[in-house]
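First up is the structure itself, then whatever we jot down about it.
The values are calculated or read from the model by the stated rules, or taken from the named source; none is laboratory data. Nothing here was measured: the structure is a model prediction, and the numbers come from that model. Positions of Cβ are backbone-derived with ideal geometry, glycine not excepted, and every protein chain shown enters the neighbour counts.
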Amino acid sequence: MKKVIIIGANQNGIFAAYRFLKLGFDVSVYEAKDEKDVSYNWTDDIDPNVFKEIGIEMPDTSCYFPKKSWAFVNPAETVVLSLAGSQETDISIWRRPLNDYLKSLLPKDFKINYNTKVDKLIIDNDTVKGVVVNGENIEADLVIDASGVMSNFRATLPSSFNIQANPDDNEVFVVTRTFYEHNPGVEMPKETNKAYLLHLGEKGISWCITTDDEVDILIGRVGALPDKSKVEGLKDLQKDNPILSDKKIKGGDVCVIPVRYPISRMVANGYALVGDSAFMTIPMMGSGVAAGLLAVSMLADTIEKNDSTTIDNLWNYQVAFVKRHLTFYGIDVLKRWLLQTDAKDIDFLFEKGIINQEIMAGGTGGEMKLGLGAILGIVWKGKSKLGLLIKLAKQLPKMDKVGKLADTIPETFDEAKAKEWQDNLDNFYKNL
Ligand SMILES: Cc1cc2nc3c(=O)[nH]c(=O)nc-3n(C[C@H](O)[C@H](O)[C@H](O)COP(=O)(O)OP(=O)(O)OC[C@H]3O[C@@H](n4cnc5c(N)ncnc54)[C@H](O)[C@@H]3O)c2cc1C
């Protein structure tokens, strides 16, 4: 029986355990945190179609509710553009109950090793042979790295593996998400989900989501989140949202979200990256739950077809993931472009009505004066209607080009060809 070790037990690690147990593997999962601390005590937005695509039932309806419409606020906060009435297909899902649901799919006697940190990988020549846990060597045919964006393992791989050690600073959002009480006596705002673009003119976003019980505040900046941004950001949101009090209910931790194209080498002999460890998020907003679960499913499908865990076979998983997510590459071009766009230009577009509700909602596919709003709306919602971007004369060719470049991924593994593809892709972004 083949053995697989999974590092990390957020949703991707748990789902990987489910799929590989079904394939008849001997599965061990190691999670550094205590069970109760894994994942988040909040909801995130995901496309519910992912459950069908990965072949499991939707979780119980108590786990999720329909996503509320967003309203976008320009940097100068002079315009609030509501998307109310536009079609929303996403759901807001409670993250810990999602994990409980995934765990309920595992055999009753299967145990995840919580409070157990993997110290390092065992690497022998060109192959990952297992992991070291509490000083003990544990061998495996395949190690699945689901340990998140700051995976400690990528950087320990020999350079010949051609796996990038860490994302660049401008490729992550550093965010803090905190939940506050309502200020008593203040009515619910008209717009319950407000997203502040280039908030305070800084590179990043903030949001203020008001529910019946609390106010959910996210402040996120590219590369680093200075204390000043946290303090000034909160003050500014309080000014604009009188319902937001100072009384904290929960949260406040700082988290890192990858916002870049997927890592350009995600496999090695005996090793596969899935989820945030392979930067598998929508590059603008950092939504990664659906793509991570799909990746796990694709990895398991690859092994189901051919149970070899050498790079020749694992490469098929990378090919499947890349080809399914070609739009991510173009979205990253846009993200990089938007982050260098002056906040004042965005204000102008909002204030002149060039960015309007219809455009922000993704448009109807008809004539567009400008593609920027459409892109923001599309990207925000995690959709991939690249056809709507045709009018964005300067960025579209680049988006198109990088999508096509990603699509040239060699169908079968050959080190020289794989490296050439990866260099072309990485250099494309370096030279933007
Ligand atoms: C504020 C915020 C809002 C977000 N909103 C959305 C959203 O609306 N929609 C969406 O789809 N996504 C959203 N995301 C992104 C989403 O949370 C991630 O894409 C997803 O959680 C990635 O899952 P993962 O399993 O790959 O990695 P992680 O969630 O990072 O889990 C990795 C796990 O590995 C464990 N680990 C790390 N190192 C070790 C080690 N050495 N040994 C053992 N265990 C280890 C960690 O403790 C952790 O539990 C959001 C993220 C944040 C922070």
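For the residues MET298, MET266, MET285, the requirement of being among the hydrophobic types (A, V, I, L, M, F, W, C), crowded, with 16+ Cβ neighbours inside 10 Å and either at positive phi or without any contact (Cβ under 8 Å) to a residue 40 or more places away in the chain (or both) singles out MET298.
Of the residues making up the range 173-205, those that are buried (at least 22 other Cβ atoms within 10 Å of the Cβ) and modelled with pLDDT of 95 or more number 1. Being closer than 30 Å to ASP145 by Cα, part of a strand (DSSP E or B) and either more than 15 Å from the ligand (Cβ to nearest atom) or in contact (Cβ under 8 Å) with a residue 24 or more places away in the chain (or both), is that true of even one residue in the range 224-237? The answer is no; no qualifying residue exists.
Need at least 3 residues that are of a type outside the set (Lys, Arg), within 22 Å of the chain's Cα centre (by Cα) and within 8 Å of the ligand (Cβ to nearest atom) per element, so show me which strands (runs of 3 or more DSSP E) inside the range 1-90 make the cut, counting only ones lying wholly within it. Let's see the steps before the verdict.
Numbers: elements: 3-7, 26-30, 43-46, 64-66, 71-73, 80-82.
Per the criteria, 43-46.
In a helix (DSSP H, G or I) and free of Cβ contacts under 8 Å to residues at least 24 places away in the same chain: does that describe THR327?
On the way: in a helix (DSSP H, G or I): yes; free of Cβ contacts under 8 Å to residues at least 24 places away in the same chain: no.
The answer is no for THR327.
Just one of the listed residues (ASP169, ASP90) is more than 30 Å from ASP213 (Cα to Cα) and of a type outside the set (S, T, N, Q), and it is ASP169.
If only residues of the range 301-315 that are closer than 20 Å to LEU21 by Cβ and acidic (Asp, Glu) are counted, the one that is surrounded by the most Cβ atoms within 10 Å (Cβ to Cβ) is ASP301. Restrict the check to the range 288-303 and report whether at least one residue is outside the structural domain of GLU214 (by TED's automatic domain parsing), within 16 Å of the ligand (Cβ to nearest atom) and not in a helix (DSSP H, G or I). Checked the range 288-303: at least one residue is outside the structural domain of GLU214 (by TED's automatic domain parsing), within 16 Å of the ligand (Cβ to nearest atom) and not in a helix (DSSP H, G or I). Quick check: is even one residue across the range 157-170 surrounded by fewer than 20 Cβ atoms within 10 Å (Cβ to Cβ), in contact (Cβ under 8 Å) with a residue 40 or more places away in the chain and over 25 Å from VAL296 (Cα atoms)? The answer is yes, given that some residue of the range 157-170 is surrounded by fewer than 20 Cβ atoms within 10 Å (Cβ to Cβ), in contact (Cβ under 8 Å) with a residue 40 or more places away in the chain and over 25 Å from VAL296 (Cα atoms). Looking across LYS369, LYS335, LYS344, one residue alone is modelled with pLDDT under 85 and farther than 22 Å from SER206 by Cβ. It is LYS369.
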